[in-house]
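These notes concern the structure reproduced below.
The values are calculated or read from the model by the stated rules, or taken from the named source; none is laboratory data. Just so it is clear, the structure is predicted and the values come from calculations on it, not from any experiment. Cβ coordinates were reconstructed from backbone atoms using ideal geometry, including for glycine residues, and neighbour counts include every protein chain displayed. Heads up: the accessible areas ignore ligands, DNA and RNA and are worked out on the full protein's heavy atoms, side chains in. Shrake-Rupley method; radii C 1.70, N 1.55, O 1.52, S 1.80 Å.
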Amino acid sequence: MSKHDPLQDSLESRLDRLRMRQRLRDALLLGGRGAFYACVLAVMTALVAALAQAPWSRAALWISPGLIPAGALLGALVGMLRRVDNLHVARALDHAAAGEDRFASALQLSGHHRPARAQLLLNDALETVARVGEKAAIPLRAARELKWLPAPAAALIALLWLAPGPRQVAQASHEPEVAPDEWQALHRQLEDELKELPPPQTPEERELAEQLQKLADLLKQQPDKKEALAEIAKLRSELEKKAQALGSHDVSMRQAAQALRSSAALARFAMLLKAGDYQAAAAELEAVAQQLKENQLAMSAEDFEAAASDLENLSRELAGDDELSECCRNAAGAASRMNREELSKALKRLSQCTGKNASKLSKCDGLCRSRSILDQLAKRLSQCKGCKNGVCSKC
């Protein structure tokens with residue numbers, strides 16, 4: 001056995017422990033996400049069963065809670081089987097040990113054609129990270145979705161508890177599903193929300209506004225509840241197709257701008273995004289990039305950290321738009337490295353991308369707002385019954 005082998009064995013042993021820790025972390029994360037989305041699916045299944053009141057409804061209601069542990073188990077299994085990148089875990093260990101990529105460099109040069117040089121690098125890397133354990137390098141954390149799990153879980157419990165039996169449905173069928181004053185309240189609410197929408201500018205926006213107004217007129221006529229829900233579903237489907245055609249499904253830049261909370265340098269950019277003035281926002285971001293380039297904008301380490309955090313959050317909010325999300329992620333990386341020149345270039349690219357897509361982003365905002373209106377209307381129409389003067393606890 002050569003002199004290099006013990007060090008190589010130590011490297012492999014350390015990598016094995018890091019990979020196992022990463023798999024455990026992935027299992028916890030994906031298991032939590034699996035439980036959350038399985039709970040949402042269970043709520044949808046129970047809701048369909050409660051509304052359908054078919055022969056299979058009772059069985060579906062009681063089977064639906066079993067989806068939650070099944071989803072958690074499936075997510076955990078996927079996390080355990082997920083491929084682990086050796087370089088990723090090596091850099092995580094370097095970061096925890098403040099090793100300046102020594103361990104990652106040693107890993108990449110382990111097969112170098114000059115064994116003596118590779119051995120020196122490997123020995124230095126192992127000494128640097130010797131006091132740092134896998135727990136510090138790859139800390140375990142729960143999925144963010146778990147904090148929202150109580151909401152669908154409570155909805156599922158309520159559905160299982162309150163779902164009407166066949167006999168109750170038969171008795172209620174003789175009564176109108178939606179009272180006249182409820183129809184009036186729904187019509188007024190929809191009219192008020194339509195007035196808050198920005199005026200249409202393009203033929204497509206005018207067509208959408210006309211369809212929403214037709215829906216409001218339909219509610220005024222107090223149709224059958226199923227007819228109204230079918231019309232809402234039809235219009236909702238058309239909005240989904242329009243959003244997919246734009247290539248930014250479920251992306252609203254005005255809503256995503258809420259993620260920009262900490263950075264003072266990006267405060268005006270965030271304000272313009274929230275106002276929906278994307279051309280002005282792009283110009284403001286280009287001005288910030290120019291100030292960074294000319295060293296006219298003083299930024300401390302805390303300022304860089306705040307900008308990196310905000311841009312990373314914005315990247316996640318814009319996950320439905322690959323181009324914008326990638327630009328935000330690159331800018332966040334440059335800010336985290338506190339590199340003024342790289343950050344200036346990244347912000348300029350983000351500015352150009354925002355300006356180029358300004359028209360599309362405005363359309364996406366309108367579609368997101370319209371979908372939200374339809375979702376709230378469908379929810380009120382499905383749940384609200386027995387209101388007095390258009391007001392009840394469910395409304």
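Give me the Kirkwood hydrodynamic radius of the range 287-368, using the inverse of the mean 1/r over all pairs of distinct Cα atoms, in Å to one decimal. Could you put the intermediate results ahead of the total?
Details: mean 1/r = 0.0768 Å⁻¹.
Taking every pair of different Cα atoms in the range 287-368, averaging 1/r and inverting gives 13.0 Å.
Ignoring ligands, DNA and RNA, what percent of the accessible area of the range 49-96 is carbon or sulfur (1.4 Å)?
On the way: 2100 of 3010 Å².
Using a 1.4 Å probe with all protein chains present, the range 49-96 comes out at 70 percent carbon and sulfur.
Between Leu24 and Arg131, how high is the FRET efficiency from 1/(1 + (r/R0)^6) when r is the Cβ-Cβ distance and R₀ = 22 Å? Nearest 0.05. Numbers along the way, then the final one.
Values: r = 22 Å, r/R0 = 0.98.
Plugging the Cβ-Cβ distance into 1/(1 + (r/R0)^6) gives 0.55.
Subtract the Cα-Cα distance of Asn339 and Ala233 from 0.36 nm times their separation in residues, and report this length gain in nm to one decimal.
Numbers: separation 106, 0.36 × 106 = 38.16 nm, distance 4.91 nm.
Computed gain between Asn339 and Ala233 is 33.2 nm.
Separation of the range 45-93 and the range 333-370 by C-alpha centroid, Å?
So the separation of the two Cα centres works out to 34 Å.
If each residue of separation counts as 0.36 nm, what is the full-extension length gain between Leu87 and Ala52 once their alpha-carbon separation is subtracted? Working shown, then result.
Details: separation 35, 0.36 × 35 = 12.60 nm, distance 5.21 nm.
Result for the pair: 7.4 nm of gain on full extension.
Could you work out how far apart the two model spin labels at Leu41 and Ser300 are, taking each label as a point 7 Å from the Cα in the direction of the beta carbon, and quote it in nm?
It works out to 4.9 nm between the two label points.
Got a number for carbon plus sulfur as a percent of the range 272-382's accessible area, 1.4 Å probe? Provide the component values of the computation, followed by the final result.
Numbers: 2220 of 5010 Å².
Accessible surface attributable to carbon and sulfur in the range 272-382 totals 44 percent.
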